[in-house]
Amino acid sequence: MNTLVSIAMSTYNGEAFLKEQLDSILNQTYKNLEIIISDDCSTDSTVEIIKEYQNGDSRIILSQNKKNIGFVKNFEKAISLCSGDYIALSDQDDVWKTNKIELFVSQIKENTLIYSNASLIDKNSKEKNKNFIKETNIRKWESNISFLLYNVISGNTMMFKKELLSHILPFPSNITYHDFWIAFVASTCGTITYTQEPMIFYRKHSEQVTFSKKQTHKNYIQKLQHKKENLIQQAKNKIYNLEAFKSLSILDDDTKKILDLLIWHYDNYQDIYFNTKLYNILKNNADDIFVLYPAKKRKKQAFRHSVGLKLNTIALYRI
């Protein structure tokens, strides 16, 4: 098979590790590639590096934004410019194994998306002897409700079929992470498969967009207040994602019902103690929604996700 595979890359001030990432893509054993790079107004030498590589490889196509739009929208733009039958996403600071695309193309088969684990490396490209995802969480996915509350499929490890584009694009305006959205859509349209072997080296470093600094607090009360604020923000983020999921036109009625209950719960999160109706439906679907957890812990997760802020606050302040 020599089908065209598109690589959608988002860049922003990525000069430190970009060459290593590009080298690992250009050295893939699978050669029929187009590398679509959307740069989000970098102020360092990122664009110059890309143009240098362009001069040596015509497969690289660069698009430069006129204003900064953020990494989620930038990935949306890069994906929209892809023309391949398969589309793989790439960050600007990782390293791919040279047979990643060849293996993905051979193993995706009837599935809509394929992904792998990732081996962690540091800023010096030294392996940490640790994977990004727990081995027990690398599995085949057949139910979209497994992605309502969690996502374990990182964008830089996935490749999906172009048939998903009509459902993926445009991204919902409030989605928090593009890979969360793509995984949900892929599991709604079909099934998701995986490779046992980690196919990328995922770099963890302080300059990452998703990196967050450890919080410091002056006292115990301040720490508890910060936890309360985090719970409120998490509820808001869940609403953004759940409303985005609900916008997908091909959902079945059962999924819509669960989404409606979850959206109501998090929309009223600050004013309730416990949502019994939500608990019952989460408990009845626990084997799919909480599949990441051991079977004996799934009902506990259903309970935890049915608790409102008022009951959570009591638990936080209990000494």
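A short reminder: the numbers here are calculations on the coordinates, not readings from a lab. This structure is a prediction, so every number in the text was calculated from the model and none was measured. Every residue, glycine as well, gets a Cβ built from its backbone with ideal geometry; the counts of neighbours run over all protein chains shown.
Look through region 154-168, keep the residues that are in contact (Cβ under 8 Å) with a residue 60 or more places away in the chain and over 18 Å from S247 (Cα atoms), and return whichever of them is nearest to the chain's Cα centre (by Cα).
Going through the qualifying residues, I end up with G155.
Restricting to region 34-86, what's the tally of residues that are under 25 Å from V105 (Cβ atoms), in a strand (DSSP E or B) and of a type in the set (D, E)?
Looking only at that region, the number is 1.
Within the group D91, D40, which residue is on the phi < 0 side of the Ramachandran plot, surrounded by 15 or more Cβ atoms within 10 Å (Cβ to Cβ), without any contact (Cβ under 8 Å) to a residue 60 or more places away in the chain and within 25 Å of the chain's Cα centre (by Cα)?
On the way: D91 fails: without any contact (Cβ under 8 Å) to a residue 60 or more places away in the chain.
The match here is D40.
Looking at E127, E135, which is the one that is over 18 Å from V72 (Cα atoms), in contact (Cβ under 8 Å) with a residue 40 or more places away in the chain, of a type in the set (D, E) and surrounded by fewer than 18 Cβ atoms within 10 Å (Cβ to Cβ)? Spell out the reasoning first.
Working: E135 fails: in contact (Cβ under 8 Å) with a residue 40 or more places away in the chain.
Checking each option against the conditions leaves just E127.
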